[in-house]
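Read through the structure below, which is laid out as structure tokens, and then see the notes.
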Amino acid sequence: MSKTSRKQMPNPAFDHSSEFVVNKEIETKPEEDKTSPCTLGKYTFATLAIGKGASRYIAIFKRITQGKFIIPSKPAAFFGLSWLIYRRASYYAFPIYSALVFMLYQLFTKMTFLPKFIQLVTIFGVAHVIFFLAGNFIYWVSVRKKIDKFRKLYGDTSAMTYLSEQGGTLSGFNLIAAVISMQGTVLVSVYGCLYIDDFFINIWDSFLALAQV
């Protein structure tokens with residue numbers, strides 16, 4: 001397959017020479033049925049990869065490409081990893097979130113003067129503060145890598161088709177299952193590590209009490 005020239009690209013929204021600047025859009029022919037799932041209409045690589053709220057996030061991403069890497073994200077602060085799972089950015093977000101929680105666990109569990117419940121809340125509270133500051137940047141990395149990957153593998157026109165199917169956001173059972181399996185696993189793991197000693201001590205005390213009866 002010959003390489004597509006820059007002028008022939010459908011819409012190089014991620015052209016490195018013009019970061020997130022919208023150039024020519026793919027126009028749907030008048031005779032085409034706009035309800036057809038194959039119709040792309042007026043879309044860019046970025047809008048297909050982002051889905052809901054595309055214009056807002058493209059504006060945020062443009063600021064990131066201009067060097068402002070810390071742009072607070074309220075959804076990331078409140079939902080943490082779940083927000084990035086919803087945005088289909090878990091490939092990058094989950095390892096970062098897991099490593100962050102692990103480091104915070106190592107830090108705060110050394111503060112034995114803090115009750116375990118406070119340690120638990122603090123670990124995840126600090127993790128969410130960091131995601132509040134870095135969530136948009138992680139999302140930008142995910143979107144950009146996804147677009148670059150599909151364009152490299154399938155070419156510009158086919159990449160838009162793949163992005164229309166695999167971009168956007170998660171919803172319904174797929175979202176719930178992903179949140180439980182990722183963020184839920186991290187939460188249960190930290191909770192278990194904090195309380196496992198107390199759990200086994202309580203079992204042992206209960207066993208001794210039964211043995212004496």
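The values are calculated or read from the model by the stated rules, or taken from the named source; none is laboratory data. Note that the coordinates shown come from a computational prediction; the quantities given were computed from them, not determined experimentally. Don't worry about glycine lacking a Cβ; one is built from the backbone with ideal geometry, like all the others, and counts go over all protein chains shown.
Based on what the data block shows, is GLN166 in contact with a Gly (Cβ under 7 Å, 6 or more places away or on another chain) and within 30 Å of LYS68 (Cα to Cα)? So GLN166 does not fit the description; no. Determine whether region 98-121 contains at least one residue that is under 27 Å from ALA54 (Cα atoms), small (Gly, Ala, Ser), in contact (Cβ under 8 Å) with a residue 40 or more places away in the chain and in a helix (DSSP H, G or I). Checking region 98-121: not a single residue is under 27 Å from ALA54 (Cα atoms), small (Gly, Ala, Ser), in contact (Cβ under 8 Å) with a residue 40 or more places away in the chain and in a helix (DSSP H, G or I).
The residues on offer are ASN136, ASN202, and the sole one that is of a type in the set (S, T, N, Q) and at pLDDT 85 or above is ASN136.
Which condition does VAL143 not pass, out of (1) among the β-branched types (Val, Ile, Thr); (2) without any contact (Cβ under 8 Å) to a residue 40 or more places away in the chain; (3) over 28 Å from GLN106 (Cα atoms), if it passes all the others? Going through (1) among the β-branched types (Val, Ile, Thr); (2) without any contact (Cβ under 8 Å) to a residue 40 or more places away in the chain; (3) over 28 Å from GLN106 (Cα atoms) one by one, VAL143 breaks only (2).
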